[in-house]
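What follows draws every value from the coordinates through simple rules; no lab data is involved. All figures in this text were calculated on a predicted structure; none of them were measured in a lab. Quick reminder, even Gly has a Cβ in these numbers, built from the backbone with ideal geometry, and neighbours come from all protein chains shown.
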């Protein structure tokens, strides 16, 4: 026969059982317990208002009131909002079908997700529920799951499957299972007082007692009722924004108190006896997000609870804080909505905007309250985590558990990763370098820096030195001008391709490194190996350094000898490296300043050209001569190809900002706007600069110019004077700024190559110590540039090196543009990021492919003057042969390194994650004996992080890939399989 004990009697018996427990606390702790006492609260309010001077002002920036659907009064909410969604018979049939499909896959429960638990019709309904949770009233109840029809395991699969369509990321709730390290993502909430010593119970969730208003950890709290109580146990929800509005209007001093740091009890943790964190967090409105207020707290962290009294060795809370705790509870209680919670119901609650509580309850032999809880996150709709909570949430799993969202496609493993740059979490193939969730290089790249990173790299030596070669290659002024416009179109098409890639992978710097890696993840490490080798070998900037030296000599009119030219080029580049080596923010600011000078210099040239074109300069008697019959002249296929190379070289740098994506907040939106602005600015300046050249310099002289065509313009217009020397100095400064911009961008690219693990000494490449800058890549760039300045003949250096760098890059660009379609296909096939923030226009992608295919084919076409009639004194296609040979050499090296030698010596190659002291992360390629490969694979996730144990080098815990297990109080018991 069922017991007839009342809820009040049950709670009284429990209190009696616990009466022997000593509730100690720190000296000075106010008279406050976990269970709020209304009389005590009113007495404290009266005492404080009578004896203290309480502020009437809200904290700076906090709103007087906030208005939103998330502000509601539970007393009348049911009149305007139906929070229930009753599953229809059609829904239940689809759920049953999804359950059977998942079971047919023979996967462990941790692999339940949208792709394995298919709900094609119900999916849109569940996505609308997620929107309601994040942007509507903040909660919804899905009702009608036939619990009794299914086994415990089947109910958990259904629960996890439905929840995956609402918020696909499951957060970690504990770090152990059965005494072993694991990621526990599902907790069972039920009364354990009959099973566990009451002195060991530290949370009211595991008793029959009432739970006061509080929040959990993370974004969305999901509770599934496997069983309901015989009496009581009602669920209460209250809008924390409504509570804020009332306190802001009546007691602004308490808002001030809530916004200040509180000492949250660590309950005996030796490494962190307590942490200081505010309870109230204000997030001002941005261009993409509305204003938000987030209150996060658990009352027991400040009052203790039975088996976990407040520690005596930590600071007590203040009287103001004690009043604030009670004010939160009683105000929330005043405006709470009561939800009937029945077997088969799932309650989804926005933990960032809603308090939840529970009434005391009574179980019987026939009816026992039993809930299971998930902490969830929807990366598409997720709110920004308040910075003071980030570390705690990472530890509990909401950002850390992003990597637990793993999707397989044959041998490919996609994990969900998130950086700290306010970008949405995104899936990447696990062989790629690990995402750095907090960039060790900081987040100092803003709109101005995005513009001038691109502008400073584009406006370097190209527009001053290549117009003569472009004119010679195209054969006419008119066609050369069309080529400059064509350069804009080619660059814009490539920019669109880069933007779509950045939409898929918004938390990785390094541009091409990342995009090729993710486009061609198999054979594993082949493309990273090839691109890393080419990026390091061709990382020299000797051509620009030589042009810098030439302009510096032009300032004083000196004709340098070879050794003088090379010496000044080395010195100039060394100074540039030193300028960026010691402080990242200074490097960007310095680059921006020089970028402004560059723009002003080209503006001056453009204005001077218009003045000349107007016939106002006596030294240029016929300024329109070059524009008469502007298309007169002949061009060869070889000349047109070389001219196109020069155009590409002149526009190179439009993609520079993509090298610092993980240092840009909201990167896709920012770079989409400011990247196109920078390209448009440079195109206009280039066109007007060329008009200026053609207005002042006769075609024959311009054709014969080597690298200093701009100096001819200055001489024609201003004569051989100090003004010419001054302008030459400005162009030299522009060249120097180009070196700075290239260093900033390509160092990130090389660092990303190193982080992939395919280069030796990963610490050298990834570390940012001691100055917070990538010193390793900077040094390598300096060393390779130093060697390349000294090695080639000075006369051929500029043209050969320019062409050598462009040819392999054209190969990679073809593969990159084609790879975009491969990435689209794979992600859409798996249902991952099917709607990127930016999608490149199809004709742009194909134009990009075809233009790069042209650049691959045409260099083999011989020039009209024979095999030695090219732009250098040796065979015309040497650069193409050398570039191709380097790529083939990379493929041979890869085969020997990854396959042949390991097979011969009896080991296999695997990757592991290395975390450095500065927070930088990298992959490291290691050798695993063939006999130990199975054990290695079982103990590491797809990214290379150890499962459930510490990284021996860093001491940091990396728990991954674990699914659904039970948490019953102080013990973990498995009614379903644990996945480790």
Using Cα pairs under 8 angstrom and six or more residues apart, how large is the relative contact order of segment 444-887, in percent? 34
Could you give the angle, 0 to 90 degrees to the nearest 10, between helix 240-250's Cα long axis and the longest principal axis of the Cα atoms of the chain? 80
Ordered by fewest other Cβ atoms within 10 Å, a rough proxy for footprinting exposure, 598, 121, 665, 472 read 121, 665, 472, 598
Hull surface over four for the Cα convex hull of segment 444-887, reported in nm², is 20.1
Based only on the alpha carbon positions, what is the Kirkwood hydrodynamic radius of the chain, in angstrom? 31.7
Using a 10 Å cut-off around each Cβ, can you sort 94, 436, 260 from fewest to most neighbouring Cβ atoms? 260, 94, 436
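Label segment 691-782 by shape, choosing from rounded, prolate and oblate, from the square roots a ≥ b ≥ c of the eigenvalues of the Cα gyration tensor; if a/c is under 1.5 it is rounded, and otherwise prolate applies when a/b is larger than b/c, oblate when it is not.
prolate
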Give me the percent of DSSP beta bridges within the chain that run antiparallel, rounded to the nearest 5. 95
Longest principal axis of the chain (C-alpha) makes with the long axis of helix 526-537 (C-alpha) an angle, in degrees to the nearest 10, of 50
Between residue 131 and residue 790, what is 0.36 nm times their sequence separation minus the Cα-Cα distance? Round to one decimal in nm. 231.1 nm
With a/c under 1.5 counting as rounded, go ahead and sort segment 479-558 into rounded, prolate or oblate using the C-alpha gyration tensor (a ≥ b ≥ c being the square roots of the eigenvalues; past the cut-off, prolate if a/b is larger than b/c, else oblate). oblate
Describe numerically, in nm with one decimal, the distance between label points set 7 Å from Cα along Cα→Cβ at residue 688 and at residue 673. 2.4
Cα axis of helix 7-17 to longest principal axis of the chain: angle in degrees, 0 to 90, nearest 10? 90
How would 250, 574 line up from fewest to most surrounding beta-carbon atoms within 10 angstrom? 250, 574
What nm distance separates the two modelled labels at residue 783 and residue 939, each placed 7 Å from Cα along Cα→Cβ? 3.4
Cα→Cβ-extended label distance, 7 Å offset, between residue 438 and residue 917, nm: 1.7
Working from the pairwise distances between different alpha carbons, so that the mean of 1/r is found and then inverted, what is segment 529-642's Kirkwood radius in Å? 18.7
At a threshold of 8 angstrom on Cα-Cα distance, excluding pairs fewer than six apart, so keeping six or more, what relative contact order does the chain reach in percent? 17
